[in-house]
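Read through the structure below, which is laid out as structure tokens, and then see the notes.
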Amino acid sequence: MTEEERYFFDVRGYLVIENALSADELTALNTLFDEQQANAPDPQAGRARYLELIGWGKPYRDLIDHPSVAPHLQEMLGEGFRLDHEYAEHMREGGAGELHINGTPYSTMFHYHVANDKIHCGLVAVAWALKDVPPGAGGFCCIPGSHKSSFAPPTSITCVGNPTPGVQQIACSAGSAIIFTEALRHGTLAWQAPAQRRTLFYKYSPRHASWWGTFYDPEAYDYTERQQQILRSPYHSRVWKNPPGKGYVVSPA
Ligand SMILES: O=C(O)CCC(=O)C(=O)O
């Protein structure tokens, strides 16, 4: 993470990384998404959620430790950060939104704070845009800086049916990644563009924490060693859990 990125992430609670995906990666991800969407129960739904993307193919597994975002995650979540869960959404014109909060005023799971010159986060999301998100189209929105707020917002602010000026839509182009702390007050604005929205959410935790509560099998696919590390269930720094059934071992480090 550059100094500039660190500054803006600290001030705003999110970062947009443009061109995080190459053109080939974007095409491969969209092609596989096309297939999944065509086989979904209602491909024309205003808003639909897809689970278990990891099984969709290697391009989806390659996002686990993608070089465009992995250094940022390491800095925000610390050594040994883990993938907590992933899912995707499509939205079509008219697809409804909602604004929710995770961390205000403070939650152990979604916290954000800085100590000793270091950022400490609970759950952090990477939202990969597979299609353009034009200004005014809707989709991801947030109240920049709210990850540091001390008071719960009034309901007049949390209603995205009628968003207050403090709620900002974050536009970005296909191939971008938005990294945000879940301590930020954020949500989804109703989709208002003729072309659909497609976003993949990969959410990461510090190594000791789990939000989703179910765990990956690091042996399920031909993962790299690095990916297997990121897929581990929560663990303490000196102990890690071997694949299921093999018990616990003390790390050599
Ligand atoms: O981009 C969006 O639709 C918001 C997603 C969201 O609220 C979340 O990931 O917690």
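At a glance:
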{"item": "Prolate/oblate/rounded label for the chain (Cα gyration tensor, a/c 1.5)", "result": "oblate"}
{"item": "Environment charge at ARG47 (Cβ cut-off 11 Å; Lys +1, Arg +1, Asp -1, Glu -1)", "result": "-1"}
{"item": "Accessible surface of the chain, 1.4 Å probe, proportion on carbon and sulfur as whole %", "result": "53"}
{"item": "Sequence of VAL16, VAL126 when ordered by accessible area, the most exposed leading, probe 1.4 angstrom", "result": "VAL16, VAL126"}
{"item": "Accessible heavy-atom area order of ARG82, ARG49, ARG92, highest first, probe of 1.4 Å", "result": "ARG49, ARG92, ARG82"}
{"item": "Accessible solvent surface per residue of the chain, calculated while the other protein chains remain in place, 1.4 angstrom probe, Å²", "result": "48"}
{"item": "Sites matching chymotrypsin sites (Phe, Trp or Tyr not before Pro) across region 68-157 that sit in DSSP coil, with at most 16 neighbouring C-beta atoms within 10 Å", "result": "TYR106, PHE151"}
{"item": "Over region 3-211, relative contact order from alpha-carbon pairs under 8 Å, at least 6 apart, %", "result": "34"}
{"item": "For region 3-211, with +1 on Lys and Arg beta carbons and -1 on Asp and Glu, the positive-most of GLY138, MET91, PRO165 along the dipole", "result": "PRO165"}
{"item": "Sequence of HIS111, HIS90 when ordered by accessible area, the most exposed leading, probe 1.4 angstrom", "result": "HIS111, HIS90"}
{"item": "Unit charges at the beta carbon, dipole of the chain: most positive-side option, LEU189, SER107, TYR50", "result": "SER107"}
{"item": "Cα centre as origin, Lys/Arg/Asp/Glu Cβ charges: the chain dipole, Debye", "result": "660"}
{"item": "Per-residue ³J(HN,Hα) for region 65-79, Karplus 6.51 cos²θ - 1.76 cosθ + 1.60, θ = phi - 60°, Hz, x for Gly and Pro", "result": "10, 5, x, 6, 10, 4, x, 5, 5, 4, 6, 7, 10, x, 4"}
{"item": "Given 12 as the ceiling on other Cβ atoms within 10 Å, longest exposed-site-free region of the chain for GluC sites (Glu not before Pro) in DSSP loops", "result": "80-218"}
{"item": "Using θ = phi - 60° and Karplus 6.51 cos²θ - 1.76 cosθ + 1.60, couplings along region 23-31 (whole Hz; Gly, Pro as x)", "result": "4, 5, 4, 4, 4, 5, 5, 5, 5"}
{"item": "Cα-based Lys pair tally, region 3-211, threshold under 24 Å, eight or more apart or on separate chains", "result": "6"}
{"item": "Table column - 3J(HN,Hα) (Hz), region 199-211, Karplus curve with 6.51, -1.76, 1.60, x for Gly and Pro", "result": "9, 9, 10, 10, 10, 10, 10, x, 4, 8, 10, 9, 9"}
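The values are calculated or read from the model by the stated rules, or taken from the named source; none is laboratory data. This structure is a prediction, so every number in the text was calculated from the model and none was measured. Positions of Cβ are generated from backbone atoms using ideal geometry, with glycine treated the same way; all protein chains shown enter the neighbour counts. To get the accessible areas, we keep the full protein, side chains included, count just its heavy atoms, and leave off ligands, DNA and RNA. Shrake-Rupley method; radii C 1.70, N 1.55, O 1.52, S 1.80 Å.
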